[in-house]
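Please read the structure below before turning to the comments.
The values are calculated or read from the model by the stated rules, or taken from the named source; none is laboratory data. The shown structure was predicted, so the numbers you read here are calculated from the model rather than taken from an experiment. Glycine also receives a Cβ, built like all others from the backbone with ideal geometry; neighbour counts cover every protein chain displayed. When the accessible area is computed, the model is the full protein with side chains, heavy atoms only, and any ligands, DNA or RNA have been set aside. Shrake-Rupley method; radii C 1.70, N 1.55, O 1.52, S 1.80 Å.
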Amino acid sequence: MQDRIIAYKGFNRDWTCRDFQYEVGKTFEKDGEIKVCGNGFHACLHPLDVFNYYPPASSRFALVEMSGDTDQKEHSDTKIASARIEIKPEIQISEMIKAAVKHVFDAAKWIKGHAATGYRGAASATGDSGAASATGDSGAASATGDRGAASATGDSGAAMACGYGGRAMAAEGCAIFLTERNDDDEIISVFAGIAGQDGVDPMTWYSLVNGKLVEV
């Protein structure tokens, strides 16, 4: 049992999940023994795991606070069940991706260099023209410097390039996040999608130009 757990939950467009009606700002409770895939309210600790149950293009997502009795299966994804859940504000795909990168970075075992090859590894490149690559499952790559490049090629990975002139590439099913900046380094547009969907070809380098994806 834990007092408070912050997690991520997916919903249908009408804020239902398995025929249960939720509402932002409300708290819900269930009685009985709590079991994952059985009784309880379900969410995921890793934002990208939510996409295993609710596809980005046709779903809504929210930050949730879980409390009371909880249950989580070992050797599976980060799905967790709880007796009590509070639905926090809705979050967008771009926020999910940024949260996923932070989640992986916080849990990662850091190694020298900018390549992460293990499960849920994290790679970060902060200098100009830097490169970050995440090849392990659920890995995250982040390039924040000017003209930086980020790639995610493992299952359910995420690539984020948020510097001036940045570019990103992702394998099919991986998340990709890009920002476009003007000459004053102000953010003027953003893009978030999943390779193989949303007009994003897998294993293709993209930049964001005039608010549109451009192959580079």
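Computed values, structure above
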item	result
Hits in the range 41-79 (condition: in contact with a Phe, Trp or Tyr (Cβ under 7 Å, 6 or more places away or on another chain) and either without any contact (Cβ under 8 Å) to a residue 12 or more places away in the chain or open to solvent by 40 Å² or more (accessible area, probe 1.4 Å) (or both))	60, 63
Residue list for the range 176-200, restricted to those being assigned to a strand (DSSP E or B), aliphatic (A, V, I, L, M) and either open to solvent by 20 Å² or more (accessible area, probe 1.4 Å) or touching a Pro at 6+ places or on another chain (Cβ under 8 Å) (or both)	187, 188, 190, 192, 194
Residue that is of a type outside the set (A, V, I, L, M, F, W, C), at pLDDT below 95 and more than 18 Å from residue 5 (Cβ to Cβ), where the choices are 55, 47	55
Unique match (being of a type outside the set (Phe, Trp, Tyr) and either in contact with a Pro (Cβ under 6 Å, 6 or more places away or on another chain) or within 18 Å of residue 175 (Cβ to Cβ) (or both)) among 16, 27, 78	78
Test: residue in the range 12-29 that is of a type in the set (A, V, I, L, M) and closer than 19 Å to residue 74 by Cβ	no
Residue within the range 201-211 that is outside any strand (DSSP E or B) and either among the basic types (Lys, Arg) or without any contact (Cβ under 8 Å) to a residue 24 or more places away in the chain (or both) present	yes
Pairs where the first residue, in the range 159-175, is open to solvent by 10 Å² or more (accessible area, probe 1.4 Å) and the second is assigned to a loop (DSSP other than H, G, I, E, B) and among the β-branched types (Val, Ile, Thr), C-beta under 7 Å, 6+ apart	162/144; 167/216; 169/204; 171/153
Selection count where residues are within 14 Å of residue 60 (Cα to Cα), in a helix (DSSP H, G or I) and open to solvent by 50 Å² or more (accessible area, probe 1.4 Å), scope the range 80-101	1
